[in-house]
1. Quote the relative contact order of the stretch 4-103 in percent (integer), defining contacts as alpha-carbon pairs under 8 Å separated by 6+ residues.
2. Going by how many other beta carbons lie within 10 Å of each one, how would you line up Asp67, Asp96, fewest first?
3. Please state the charge dipole magnitude for the stretch 4-103, taken about the Cα centre, from unit charges on C-beta atoms (+1 on K and R, -1 on D and E), reported in debye and rounded to the nearest 20.
4. Arranged from highest to lowest average of other beta-carbon atoms within 10 Å per residue, in what order do the peptides 1-14, 82-95 appear?
5. Counting other beta carbons within 10 Å of each residue's own, what order do His36, His56 fall into, fewest first?
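What follows draws every value from the coordinates through simple rules; no lab data is involved. In this text, all values refer to a predicted model and were calculated from it rather than measured experimentally. Neighbour counts are summed over all protein chains in view; Cβ atoms, including those assigned to glycine, are modelled from backbone coordinates with ideal geometry.
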Amino acid sequence: MATERQRRIARAVTAAIPRAPFLDAEAIREAARSRHMRSLAPEAAVWLAAIARIRHEYTDYDVLMDDGYDRDAARFFVIDEINAVLDRWGARRRLDPDVPEAELAHGPVSGTDDEDDGDIEGSAGFGE
């Protein structure tokens, strides 16, 4: 039986990225349920997990990191790729390169004006 948080996370995945492939959505749900995400609202945990999943699975982020780019530069260079995946997955939010890293989990959860970028270091294989 699912907990209330698990149900809220499942609903948040469906709302945030309705056309995400099943395997990606399942990995995002799992990452959003991880212990270090518990202090976040389910919607924020899903957003951070989705961005991390896309960054590591659908962009050259890890290659850039391996080539010596620092994290901020690597993230900057893959933002358009991440936003393209978000578009394909039906997301209403996009990443904004001008949003400071400190606002990742605490920024707005919906809308298109104040998006943020996040990573979930050390969880479900999505960290660096």
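1. Values: 90 pairs, mean separation 30.5, N = 100.
Worked out over the stretch 4-103, it gives 31 percent.
2. Working: Asp67 9, Asp96 16.
Arranged by neighbour count, lowest to highest, Asp67, Asp96 become Asp67, Asp96.
3. Details: 17 positive and 19 negative charges, 188 e Å.
Computed about the Cα centre, the dipole is about 900 debye.
4. Details: 1-14: 14.5, 82-95: 17.9.
Going from most to least packed, we get 82-95, 1-14.
5. Details: His36 12, His56 18.
Ascending Cβ contact count within 10 Å gives the list His36, His56.
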